[in-house]
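Below is one structure, written out as structure tokens; comments come after it.
The values are calculated or read from the model by the stated rules, or taken from the named source; none is laboratory data. Note that the structure is predicted; figures quoted are calculated from it, not measured. Positions of Cβ are generated from backbone atoms using ideal geometry, with glycine treated the same way; all protein chains shown enter the neighbour counts.
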2 protein chains.
Amino acid sequence: VKEQLVAYLGPPGTFCEEAARKRFREGALLKPCMELGEIWDRVESGEADFGVVPVENTTGGSVIPSLDLLFERDLKVCGEVELRIRHNLIVKPDTRLVEIRLVVSHPQAIAQCKRFLDEQLPLATRRTVESTAKAVQMLAETEYAAAIGTESAADIYGMKVLVKDIQDNPRNFTRFFIIGTRDSPPSGSDRTSIVFSVAHLPGTLVSVLEELSKRRINLTKIESRPTRQTPWEYLFYVDFEGHRSEKICHQALESMRKKTFFLKVLGSYPKARP
Amino acid sequence: VKEQLVAYLGPPGTFCEEAARKRFREGALLKPCMELGEIWDRVESGEADFGVVPVENTTGGSVIPSLDLLFERDLKVCGEVELRIRHNLIVKPDTRLVEIRLVVSHPQAIAQCKRFLDEQLPLATRRTVESTAKAVQMLAETEYAAAIGTESAADIYGMKVLVKDIQDNPRNFTRFFIIGTRDSPPSGSDRTSIVFSVAHLPGTLVSVLEELSKRRINLTKIESRPTRQTPWEYLFYVDFEGHRSEKICHQALESMRKKTFFLKVLGSYPKARP
């Protein structure tokens, strides 16, 4: 049996790698990519079987580049993973809390640990880098520094977790999509993601959403986005409960298609367990 | 006449300062704040008359901390400004393009100039900092470096614009809100921003939005956000055309209030001119 290859947003030690591990356990070889577009490239070319990409975070909102790529490219969403975001203060094995003069991390991680930093490290300089994993990687060559990152990044780069769970908000989740060449068969507890655009806004959006509500289909997310091409033209990203192959979902999608400029089914997939 | 004091997200030279200048011209003293919450504090305490805060960007999406503060605190939206985001490559007056080994900026600015950087500066290291203005400020003490930032930042810090308009996407806009203790009187071309939550999702959201559509009121933005407290409970941020004091808008809001857990009018204000 050939091992599955899964492309994720790297470097090793990111939350995206944690999400990939949560989904694929030991059964896959994980390949870090440095850009989102590269993940689509590798899955489209067949080099990777699946991709794992962040789509939204409770405190940071939607990951717009992921939404754009889902709209522009033709891969399907075949799964979702929800990950509780836990931040840790990570140092070189011999660094003590009182010695820390510099804290390095991704801007969102620094923002999400503001209260801890203000109280425990009020005098330390804060510096931002592209990823939490990169921050941990930089510790080796920096004196009196700490990074905010994942436990697995501390392991990978031979560093030590000095303080666990330093995030201000304990209810901070990131949602990831698993992308592939096909979506998933019905599991009995599914979600479907679509994107569509409508002509003008007053009546049409409501009339499209009614095709879901009149069939008692639960809408679980809606977001409008201006199109890149035309100002005042909008795309709507909508998630609802059910699988596109179930009769009522299929009927709803057919009716919605008639009321929209275009409608693209991004995929149906089993709902993440909380 | 006492000069108006306007608090904005600093440091000096940010796009937020440009938005404040676009709105208040020479008629106000601008006060940079280093955090969004500080802007709310200063306006609430009466120290500042108005605040200017970013709310969404075409390529970056909503600024979630601003949405959270609008929901949690009680200031009103009394205006909006739309700013085309133009990035410039900025250097010390004596630095030439071929000498640049390091490019520093806010992560979104670096992402938005990727094509330019890949083509023109493929070998330069890219480093991220908290703001484009901070990046320009750092140039003074860094050799062979360039920053991506605004023309006004180049002016303020005595640096030189080497290449103008280096952004990949020419249609990149950021929308800013003007916040104050009251919203604005009707101008004839207004927009209203609200936030509400509804009980369960299938029928209720559509039924709330129908109060707008059946009165031919144009919805111009919708976004769902999970609440911080309860999972599976959503807030909806909605913008529509019209002023809350106009009869049909007032009626729509009253009817929507009866169908929602709560509904908060963030404010009515003149629409930004494109």
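Considering only residues that are in contact (Cβ under 8 Å) with a residue 60 or more places away in the chain and over 15 Å from residue A:174 (Cα atoms), look in the range A:79-95 and name the one that is surrounded by the fewest Cβ atoms within 10 Å (Cβ to Cβ).
So in the range A:79-95, the residues in contact (Cβ under 8 Å) with a residue 60 or more places away in the chain come out as A:79-93, A:95.
Right, trim to over 15 Å from residue A:174 (Cα atoms) and you get A:88-93, A:95.
Numbers: A:88: 25, A:89: 25, A:90: 28, A:91: 22, A:92: 20, A:93: 10, A:95: 19.
By that ranking, first place goes to A:93.
Which numbered condition in (1) surrounded by 18 or more Cβ atoms within 10 Å (Cβ to Cβ); (2) under 20 Å from residue A:207 (Cα atoms) is the only one that residue B:214 fails?
Going through the list (1) surrounded by 18 or more Cβ atoms within 10 Å (Cβ to Cβ); (2) under 20 Å from residue A:207 (Cα atoms), residue B:214 breaks only (1).
Looking only at the range B:65-76, count how many residues are surrounded by fewer than 19 Cβ atoms within 10 Å (Cβ to Cβ) and part of a helix (DSSP H, G or I).
Taking the range B:65-76 as the starting set, the residues that turn out to be surrounded by fewer than 19 Cβ atoms within 10 Å (Cβ to Cβ) are B:65, B:68-69, B:71-74.
Within this subset, residues satisfying the condition of being part of a helix (DSSP H, G or I) are B:65, B:68-69, B:71-72.
Total meeting the criteria: 5.
Being away from every other protein chain (no Cβ under 11 Å), hydrophobic (A, V, I, L, M, F, W, C) and crowded, with 20+ Cβ neighbours inside 10 Å: is that true of residue A:140 here?
On the way: away from every other protein chain (no Cβ under 11 Å): yes; hydrophobic (A, V, I, L, M, F, W, C): yes; crowded, with 20+ Cβ neighbours inside 10 Å: no.
Against the criterion (away from every other protein chain (no Cβ under 11 Å), hydrophobic (A, V, I, L, M, F, W, C) and crowded, with 20+ Cβ neighbours inside 10 Å), residue A:140 does not qualify.
Within the bounds of the range A:5-14, is there any residue that is over 23 Å from residue A:193 (Cα atoms), hydrophobic (A, V, I, L, M, F, W, C) and touching an Asp or Glu at 6+ places or on another chain (Cβ under 8 Å)?
Within the range A:5-14, the first condition is being over 23 Å from residue A:193 (Cα atoms), and the residues that meet it are A:5, A:10-14.
This time we only want the ones that are hydrophobic (A, V, I, L, M, F, W, C), so: A:5.
Those left that are additionally touching an Asp or Glu at 6+ places or on another chain (Cβ under 8 Å): A:5.
Within the range A:5-14 (the criterion being over 23 Å from residue A:193 (Cα atoms), hydrophobic (A, V, I, L, M, F, W, C) and touching an Asp or Glu at 6+ places or on another chain (Cβ under 8 Å)), the answer is yes, since at least one residue qualifies.
Residues of the range B:118-134 being within 11 Å of another protein chain (Cβ to nearest Cβ) and either assigned to a loop (DSSP other than H, G, I, E, B) or of a type in the set (A, V, I, L, M) (or both), which ones?
Correct list: B:129, B:130, B:131.
How many residues, within the range A:13-40, are assigned to a loop (DSSP other than H, G, I, E, B) and either among the acidic types (Asp, Glu) or in contact with a helix residue (DSSP H, G or I) (Cβ under 6 Å, 6 or more places away or on another chain) (or both)?
To start, the set of residues in the range A:13-40 that are assigned to a loop (DSSP other than H, G, I, E, B) comprises A:13-14, A:25-27, A:34-35.
Retained after the next criterion (residues that are either among the acidic types (Asp, Glu) or in contact with a helix residue (DSSP H, G or I) (Cβ under 6 Å, 6 or more places away or on another chain) (or both)): A:13-14, A:26, A:35.
Looking only at that region, the number is 4.
Quick one: count up the residues across the range A:139-192 that are touching a Leu at 6+ places or on another chain (Cβ under 9 Å), within 24 Å of residue A:30 (Cα to Cα) and among the hydroxyl-bearing types (Ser, Thr, Tyr).
3
Residue A:24 - would you say it is in contact with a Cys (Cβ under 8 Å, 6 or more places away or on another chain), touching a residue at least 12 places away in the same chain (Cβ under 8 Å) and more than 23 Å from residue B:114 (Cβ to Cβ)?
Values: in contact with a Cys (Cβ under 8 Å, 6 or more places away or on another chain): no; touching a residue at least 12 places away in the same chain (Cβ under 8 Å): yes; more than 23 Å from residue B:114 (Cβ to Cβ): yes.
Criteria not met by residue A:24.
Which count do you get for residues in the range B:186-211 that are more than 10 Å from chain A (Cβ to nearest Cβ) and either hydroxyl-bearing (Ser, Thr, Tyr) or under 26 Å from residue B:63 (Cα atoms) (or both)? Before you say what the answer is, go through the steps one by one.
Of the range B:186-211, the ones more than 10 Å from chain A (Cβ to nearest Cβ) are B:186-199.
Subsequent filtering for residues that are either hydroxyl-bearing (Ser, Thr, Tyr) or under 26 Å from residue B:63 (Cα atoms) (or both) retains B:187, B:189-199.
So the count comes out to 12.
Taking the range A:102-135, which residues are over 24 Å from residue A:63 (Cα atoms), in contact with a helix residue (DSSP H, G or I) (Cβ under 9 Å, 6 or more places away or on another chain) and among the hydrophobic types (A, V, I, L, M, F, W, C)?
Scanning the range A:102-135 gives A:103, A:117, A:121, A:124.
Taking into account only those residues within the range A:107-117 that are more than 11 Å from every other protein chain (Cβ to nearest Cβ) and more than 20 Å from residue B:126 (Cα to Cα), which is surrounded by the fewest Cβ atoms within 10 Å (Cβ to Cβ)? Show your work before the answer.
Keep residues of the range A:107-117 that are more than 11 Å from every other protein chain (Cβ to nearest Cβ), which gives A:109, A:113, A:115-117.
With more than 20 Å from residue B:126 (Cα to Cα) added as a condition, the list becomes A:113, A:115-117.
Working: A:113: 25, A:115: 12, A:116: 18, A:117: 20.
Top of the filtered list is A:115.
Could you go through the range B:219-230 and let me know if any residue there is touching a Pro at 6+ places or on another chain (Cβ under 6 Å) and either within 13 Å of another protein chain (Cβ to nearest Cβ) or in a loop (DSSP other than H, G, I, E, B) (or both).
So the first thing to find is which residues in the range B:219-230 are touching a Pro at 6+ places or on another chain (Cβ under 6 Å), and the list is none.
Checking the range B:219-230: not a single residue is touching a Pro at 6+ places or on another chain (Cβ under 6 Å) and either within 13 Å of another protein chain (Cβ to nearest Cβ) or in a loop (DSSP other than H, G, I, E, B) (or both).
Being farther than 29 Å from residue A:60 by Cβ and free of Cβ contacts under 8 Å to residues at least 12 places away in the same chain, is that true of even one residue in the range B:226-240? Break it down into steps so the answer makes sense when it comes.
Start the filter on the range B:226-240 by keeping residues that are farther than 29 Å from residue A:60 by Cβ, which leaves none.
No.
Inspect all residues belonging to the range A:43-53 and state whether any of them is more than 18 Å from residue A:77 (Cβ to Cβ) and in a strand (DSSP E or B).
Our first condition is that a residue be more than 18 Å from residue A:77 (Cβ to Cβ); within the range A:43-53, this holds for A:45-47.
From what is left, the residues that are in a strand (DSSP E or B) are none.
No, the conditions are met nowhere in the range A:43-53.
Quick one: residue A:82 ticks every box in (1) in a strand (DSSP E or B); (2) touching a Gly at 6+ places or on another chain (Cβ under 7 Å) except a single one, so which number is it?
So residue A:82 meets the others, but not (2).
Would a scan of the range B:74-81 turn up a residue that is farther than 23 Å from residue A:127 by Cβ, in contact with a Leu (Cβ under 6 Å, 6 or more places away or on another chain) and either at pLDDT 95 or above or within 14 Å of chain A (Cβ to nearest Cβ) (or both)?
Initial filter on the range B:74-81 (farther than 23 Å from residue A:127 by Cβ): B:74-81.
From what's left, in contact with a Leu (Cβ under 6 Å, 6 or more places away or on another chain): B:77.
Narrowing the set further to residues that are either at pLDDT 95 or above or within 14 Å of chain A (Cβ to nearest Cβ) (or both) leaves B:77.
Yes.
Please go through the range B:235-274 and give me each residue that is among the hydroxyl-bearing types (Ser, Thr, Tyr) and in contact with a Cys (Cβ under 7 Å, 6 or more places away or on another chain), ordered by number.
Going residue by residue through the range B:235-274, those that are among the hydroxyl-bearing types (Ser, Thr, Tyr) are B:237, B:245, B:255, B:260, B:268-269.
Once the filter is applied, which keeps residues that are among the hydroxyl-bearing types (Ser, Thr, Tyr) and in contact with a Cys (Cβ under 7 Å, 6 or more places away or on another chain), the range B:235-274 yields only B:269.
What do you reckon, is residue B:199 closer than 21 Å to residue A:210 by Cβ, hydrophobic (A, V, I, L, M, F, W, C) and out of contact with any strand residue (DSSP E or B) (no Cβ under 9 Å at 6 or more places or on another chain)? Can you show your working first?
On the way: closer than 21 Å to residue A:210 by Cβ: yes; hydrophobic (A, V, I, L, M, F, W, C): yes; out of contact with any strand residue (DSSP E or B) (no Cβ under 9 Å at 6 or more places or on another chain): yes.
Judged against the criteria, residue B:199 is a match.
Being buried (at least 22 other Cβ atoms within 10 Å of the Cβ), touching a residue at least 24 places away in the same chain (Cβ under 8 Å) and either in contact with a Cys (Cβ under 6 Å, 6 or more places away or on another chain) or not in a loop (DSSP other than H, G, I, E, B) (or both) narrows it down to one residue among B:193, B:184, B:152; which is it?
Working: B:184 fails: buried (at least 22 other Cβ atoms within 10 Å of the Cβ); B:152 fails: buried (at least 22 other Cβ atoms within 10 Å of the Cβ).
None of the other options fit; the residue is B:193.
Is it the case that residue A:51 is closer than 21 Å to residue A:150 by Cβ, away from chain B (no Cβ under 14 Å) and of a type outside the set (Phe, Trp, Tyr)? Don't jump to the end; show me each part of the working.
Values: closer than 21 Å to residue A:150 by Cβ: yes; away from chain B (no Cβ under 14 Å): yes; of a type outside the set (Phe, Trp, Tyr): yes.
The answer is yes for residue A:51.
Could you look through the range A:45-60, keep only residues that are among the polar types (S, T, N, Q) and either within 30 Å of residue B:224 (Cβ to Cβ) or touching a Leu at 6+ places or on another chain (Cβ under 8 Å) (or both), and pick out the one that is surrounded by the fewest Cβ atoms within 10 Å (Cβ to Cβ)?
Filtering the range A:45-60 down to residues among the polar types (S, T, N, Q) leaves A:45, A:57-59.
In the following step, the residues that additionally are either within 30 Å of residue B:224 (Cβ to Cβ) or touching a Leu at 6+ places or on another chain (Cβ under 8 Å) (or both) were identified as A:57-59.
Details: A:57: 19, A:58: 21, A:59: 21.
In this case the residue turns out to be A:57.
Is it true that some residue in the range B:255-265 is of a type outside the set (Ser, Thr, Tyr), buried (at least 20 other Cβ atoms within 10 Å of the Cβ) and either in contact with a Gly (Cβ under 9 Å, 6 or more places away or on another chain) or under 22 Å from residue B:54 (Cα atoms) (or both)?
No.
Within the range B:21-37, does at least one residue satisfy the condition of being more than 27 Å from residue A:225 (Cα to Cα) and within 14 Å of another protein chain (Cβ to nearest Cβ)?
yes
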